[in-house]
Structure formats: structure tokens, C-alpha cells
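The values are calculated or read from the model by the stated rules, or taken from the named source; none is laboratory data. Computed from a predicted model, the values in this text were never measured in an experiment. Neighbour counts are summed over all protein chains in view; Cβ atoms, including those assigned to glycine, are modelled from backbone coordinates with ideal geometry. Quick note on the areas: whole protein, heavy atoms, side chains included, nothing else; ligands and nucleic acids left out. Shrake-Rupley method; radii C 1.70, N 1.55, O 1.52, S 1.80 Å.
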Amino acid sequence: MDKIEHIGIAVKNMEESNRLFSKLLGKEPYKIEEVASEGVRTSFFDVGGVKIELLEATNADSPIAKFIEKKGEGVHHLAFAVDDINKSIAAKVEEGFRVINDNPKSGADNKIIAFLHPKSTNGVLVELCQEKKD
Ligand code: ZN
């Protein structure tokens, strides 16, 4: 694993949270992007190269809606940058971690992503993310 690429935070209301985090961080989000396949709207703040990703559910079945229902708003996942996501997934399986996405999927902010199950990582949802190369 390389650096922490971003920290995902589940929020109920993107507009309100963008205002709050703009005030907290002293900057505006550099990108707002909907990932329809995941049922989320995201916004990104760059904090010295590590990003804060706010996640708002766009429908009731969204994993973010379910997370907020269970745990309330707050830190949702940690994302680590990797060079080769398929290699990383294979390595994590080999090491005994439970991988949710054996096949990586398209994420926000030009990334290919896969999650590790929090049951195998001390309750922390871990995202592996690789920059899309094309
Ligand atoms: Zn993420």
C-alpha cells in the first residue's frame, strides 16, 4: 500500500456538508461527481495531497444510506493508493483479508476501486484505489 489517497465521510446533505467542510478546511471542493452505479454523490477536497471525499446517498438502497441508517454520519472508509489494483486484490486475498470486490469497479475521481470487508480489518472499511490509466 502506498499513501492514504482519501478519507470517505458519509453525509446526509451534500450542500450543508460542503459548506461545513469548506469552512473547516478553508477551501472549496475541487470536484463534485455522481457515481450512479454506487448510488452516491461525492465531493472532494484536497488537503495537502490527501483528499476528503464526502459521500451522499442518491437513493434509499445506496450503501451510504444504509451506513447512515446504522451508524449515523461520519467516517465511512479509508482509501489507499495502489499501483496495480488486480495485484493488490490478489495479495490481500492471499494474506487472508476478505475482499468485497474480486473484480475492481469504477469509482469517483478517475479511480478503479475495490473494498476489503471491515470484518477482516478491525471494523474499518478499506478501499484500494488505482488511478485509471488509458
Ligand atoms: Zn472512496
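A DSSP coil position with no more than 14 other Cβ atoms inside 10 Å describes the following trypsin sites (Lys or Arg not before Pro) in segment 4-71: 12, 27.
Other residues with beta-carbon under 15 Å from the beta-carbon of residue 69 carry, at +1 per Lys or Arg and -1 per Asp or Glu, a net charge of +1. Coupling constants for segment 29-38 follow from the phi torsions by the Karplus curve (6.51 cos²θ - 1.76 cosθ + 1.60, θ = phi - 60°), and in residue order they are x, 8, 7, 10, 9, 9, 10, 4, 4, 9 Hz; glycine and proline get x.
Nonpolar atom fraction for the chain, defined as the carbon and sulfur part of the 1.4 Å probe accessible area, stands at 51 percent.
Here the 3J(HN,Hα) profile of segment 85-90, calculated from phi with Karplus coefficients 6.51, -1.76 and 1.60 at θ = phi - 60°, is 5, 5, 5, 5, 4, 4 Hz, Gly and Pro shown as x.
Determine which residues of segment 1-44 fall in the zone a paramagnetic label at residue 60 would reach in this model, i.e. backbone nitrogen under 19 Å from the point 7 Å along Cα→Cβ. So the set is 12-13, 38-41.
Working note: Karplus 6.51/-1.76/1.60 with θ = phi - 60° gives segment 114-130 the couplings 8, 10, 9, 6, x, 5, 9, 9, 6, x, 9, 6, 10, 10, 9, 9, 10 Hz, where Gly and Pro are set to x. Picking from 48, 96, 107, which is most flexible by a Gaussian network model of the chain using Cα springs under 10 Å? Highest fluctuation of the listed residues: 48.
For segment 1-40, what class follows from the C-alpha gyration tensor (a ≥ b ≥ c being the square roots of its eigenvalues): rounded when a/c is under 1.5, otherwise prolate if a/b is larger than b/c, else oblate? Note, shape of segment 1-40 comes out oblate. Extents of the chain, largest first, come to 42, 31, 26 Å (Cα atoms, principal axes, whole angstrom).
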